[in-house]
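*Asks:* The structure's right below; bear with me while I get my questions together.
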Amino acid sequence: MIWKNEADPLPKGSRGAFALVALCALLATDARGADTGAPVGLNLSAPGVAWAGFVAPRESNYQVARTFNDYSNPSTGIGPVTDDPAHPFVNNEVAREMNIQPTYRVADLTNEAGKNLMPWVQEALKKQNELVLRGRNGESREARCWETGVPAFHLNPGPMHIIQTPKEVVLFLAGRSRHIWLNVPHSRNPKPSWYGESVGHYEGDTLVVDTIGFNDKTFVDSYRTPHTDKLHVVERFRLIDNGNTLEVAFTVDDPGAFYKPWSGTRNRHRVVNPNNRLAESACAEANDDYFNIGLEPVPTTEKPAF
Amino acid sequence: MQRGVFLVGAGCALIVAATMAHSAGAPPDVSGTYWATSYSAKLNLVGGGDPPLNAAGKAAYDKIKARLKDGSLLDKARRVCVPDGVPRVMASPYPFEIFQTPEGQVTMLFEMNHQVRVIVMDRPLPKLEGLITDLRYNGHSVGHFEGDTLVVESIGFNDRTFLDATGLPHGESMSTIERIKRTGNQLEDVITIHDPEFYTRDFQVRFVYQLRIDVRLEDYACNDTHRDLSSVRGVQRR
């Protein structure tokens, strides 16, 4: 699926008037500030605004297509697991761009990120690599309707909708949701969960989110790199590129899985369309292993709780 | 030029004043986290009695019940966690949260399978003919306030959901009107169901929830053990 950036709906001549209206709106917002309580340092939520992980370039662009569903490397330090150069990963966008076959992911276990993995993690990825090379289990966890965890939540290329209140920020992406509780400390013993316990605060115009309390059932990336319940992720959300890009820079620490913390970024692009609403998702509908290629089953409840 | 600036200034003052006035009589606050204190697998009609199924509705219900029993039909909302549809989602024994943001939208987020309902405020209800290629589990909803009451109209439902956990059917032409109102720490939702394909008349169901500032929505995955529901009357482990 491709998300095109909608053209700015404002005619050029109306910009001055728009600026004045915006100023008025600002004053008006101030006037009712008592309603909303705490100031919001970073405004990511507005009618019709969503943040797309991928926007198809107008012109053919291999480098842009590469960012379809992957993290970007940090400027310094250890980055995320990447593809084995002997088996280059070709995502659907790159495949379209280059007119070649897409492939499944085979992790590079010999580069810096690969060497940063503890032996049991290396072993798990080795097994997964072997499965993929035999044509089995190539789909990501996410494609099989499982909860993604953090930071893998960010990998879906679709539009992320955000709700902000003085007490919490809720991220909605591809039928999943994550809560970030603002200006509160972590619980003493958070109940282990898929997205952990996220607490956040604004540092100027950056939203800083600290997450612990994960279960150990998710993977940190689409290579199926496992982690333990000691996982600790710090994410910094900020706007760059004149407010048109949401940058999520994150650091992943897990003393039970990685020798050193590693980091990455995932940028999302502002898309504006008044009809662009948060939508329901029914991932497991008609999502069977039709071609019998060893896909992981979708999450299924054998005995519902009620 | 000066006159222009004056006009803009005056206009601006008006907008600010209007917003403050609006703030004084701001839309009623229905936001918050809510949790039902009782659950029923079967729809309880306002005024009692059985759902007024017509002949086609009765045939459909009998067939669904038989197929659920022999396993040829799965209750997908429970088994693989696709959305519940209206009104079943409102009967959930898990908490849900209402946000009155972003502007012009009321957003409902349910703990159960993190389902969402988006209610677009102060817009006309779309015509069913225009939604035929985009029928949804939880339908398409618009809303407005009538005094303290949030009135939500929904249409454009697919027919893959049941009205309740027993398999009560509905057709694609179903529409619903909800009247949602908060009184103190209690929220009620009275839902009128209009579905002439399967029912002889419109009927109503009513759900009541408590405002729970002490409850945070939790993560939900289909195959998991979830929060303790023992405080919710009527939940029987299957």
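*Asks:* Any idea which of A:E123, A:E139 is in a loop (DSSP other than H, G, I, E, B) and either away from chain B (no Cβ under 14 Å) or among the charged types (D, E, K, R) (or both)?
*Replies:* Testing whether each residue is in a loop (DSSP other than H, G, I, E, B) and either away from chain B (no Cβ under 14 Å) or among the charged types (D, E, K, R) (or both) leaves just A:E139.
*Asks:* In the range B:209-238, which residues are exposed (fewer than 14 other Cβ atoms within 10 Å of the Cβ), away from chain A (no Cβ under 11 Å) and touching a residue at least 12 places away in the same chain (Cβ under 8 Å)?
*Replies:* The answer is B:S231, B:R233.
*Asks:* Moving on to the next point. Filter the range A:228-247 down to residues that are closer than 24 Å to A:D108 by Cα and either surrounded by 23 or more Cβ atoms within 10 Å (Cβ to Cβ) or touching a residue at least 40 places away in the same chain (Cβ under 8 Å) (or both), then give me how many there are.
*Replies:* So the answer is 2.
*Asks:* Provide a single number: the residues in the range B:140-167 that are buried (at least 22 other Cβ atoms within 10 Å of the Cβ) and at positive phi.
*Replies:* 1
*Asks:* Restricting the search to the range B:35-64, which residues are among the hydroxyl-bearing types (S, T, Y) and either loosely packed, with under 14 Cβ neighbours inside 10 Å or not in a helix (DSSP H, G or I) (or both)?
*Replies:* B:T37, B:S38, B:Y39, B:S40
*Asks:* I've got another one for you. B:S173 versus (1) more than 18 Å from B:E97 (Cβ to Cβ); (2) surrounded by fewer than 18 Cβ atoms within 10 Å (Cβ to Cβ); (3) within 14 Å of chain A (Cβ to nearest Cβ): which is the lone unmet condition?
*Replies:* It fails just one condition, (3).
*Asks:* Which ones in the range A:268-297 are in contact with a Phe, Trp or Tyr (Cβ under 8 Å, 6 or more places away or on another chain) and facing chain B (nearest Cβ under 7 Å)?
*Replies:* Listed by number, the residues that qualify are A:L278, A:E280, A:A282.
*Asks:* Here's another thing I want to ask about it. Please determine, by comparing only the residues of the range A:68-120 that are hydroxyl-bearing (S, T, Y) and assigned to a loop (DSSP other than H, G, I, E, B), which one is surrounded by the fewest Cβ atoms within 10 Å (Cβ to Cβ).
*Replies:* Among those that are hydroxyl-bearing (S, T, Y) and assigned to a loop (DSSP other than H, G, I, E, B), it is A:T76.
*Asks:* Among the residues of the range B:46-83, write down those that are hydroxyl-bearing (S, T, Y) and over 26 Å from A:C145 (Cβ atoms).
*Replies:* Residue satisfying the conditions is B:Y61 alone.
*Asks:* Can you name the condition, by its number, that B:V116 falls short on among (1) within 10 Å of another protein chain (Cβ to nearest Cβ); (2) of a type outside the set (K, R); (3) closer than 20 Å to B:I191 by Cα; (4) touching a helix residue (DSSP H, G or I) at 6+ places or on another chain (Cβ under 9 Å)?
*Replies:* Result: B:V116 fails condition (4) only.
*Asks:* I've got another one for you. Which members of the range B:69-87 meet the condition of being closer than 24 Å to B:V205 by Cα and within 12 Å of chain A (Cβ to nearest Cβ)?
*Replies:* Residues satisfying the conditions are B:D75, B:K76, B:A77, B:R78, B:C81, B:V82, B:P83, B:D84, B:G85, B:V86.
*Asks:* Could you say which residue among B:Q210, B:Q236 is modelled with pLDDT of 95 or more and either of a type in the set (D, E, K, R) or over 23 Å from B:V118 (Cβ atoms) (or both)?
*Replies:* B:Q210
The values are calculated or read from the model by the stated rules, or taken from the named source; none is laboratory data. Keep in mind that what you see is a predicted model, and the values were worked out from it rather than measured. Cβ: placed from backbone, ideal geometry, glycine included. Neighbour counts: every protein chain shown.
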